[in-house]
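What follows is a short report on a single structure.
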Amino acid sequence: MNEFRINMSDEPGSLAEHCEAIASEDVNILAIVAIAGESASAAILTDNVDSTASALDRMGADYSVSELKSAKLEHKPGSLAAFTRGMGNSGVNLRSLYVMSIDGDSATIGYTTE
């Protein structure tokens, strides 16, 4: 699975335009986070990498693609802290992190790195 990190203008409707372009390719968005401040961006996971890229290319979107890695953690306090500390101590810079699912005593996370 790949993550699409999209840079966009911070104005009403900008995120909608990107989501509509992806939807026009009959692609489902599986996870999304969008943040605005001095600039606006969104990180999106979809069910079809090629069609997502095609939709974003067609609209001239400014985006990058990163491989989404995954790990299974215990679903208990401190597990995510231990994972992120371990990555930091290993010199790995996390770019994004998602809780993908929780099933009983375990949680699956997805993450991208530099």
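The values are calculated or read from the model by the stated rules, or taken from the named source; none is laboratory data. Owing to the predicted nature of the structure, the values given are computational and were not obtained by experimental measurement. Note that each Cβ is placed from the backbone with ideal geometry, even for glycine, and that neighbours are counted across all protein chains shown. Heads up: the accessible areas ignore ligands, DNA and RNA and are worked out on the full protein's heavy atoms, side chains in. Shrake-Rupley method; radii C 1.70, N 1.55, O 1.52, S 1.80 Å.
For the chain, the solvent-accessible area works out to 59 Å² per residue, with a probe of 1.4 Å and every protein chain left in place. Measuring nothing but how far apart in sequence close Cα pairs (under 8 Å, 6+ apart) lie, relative to its length, the chain scores a relative contact order of 27 percent. Comparing S41, S54, L68 along the charge dipole axis of the chain, the residue lying farthest to the positive side is L68, per the Cβ-charge model. For the range 2-101, the carbon plus sulfur part of the accessible surface works out to 47%, probe radius 1.4 Å.
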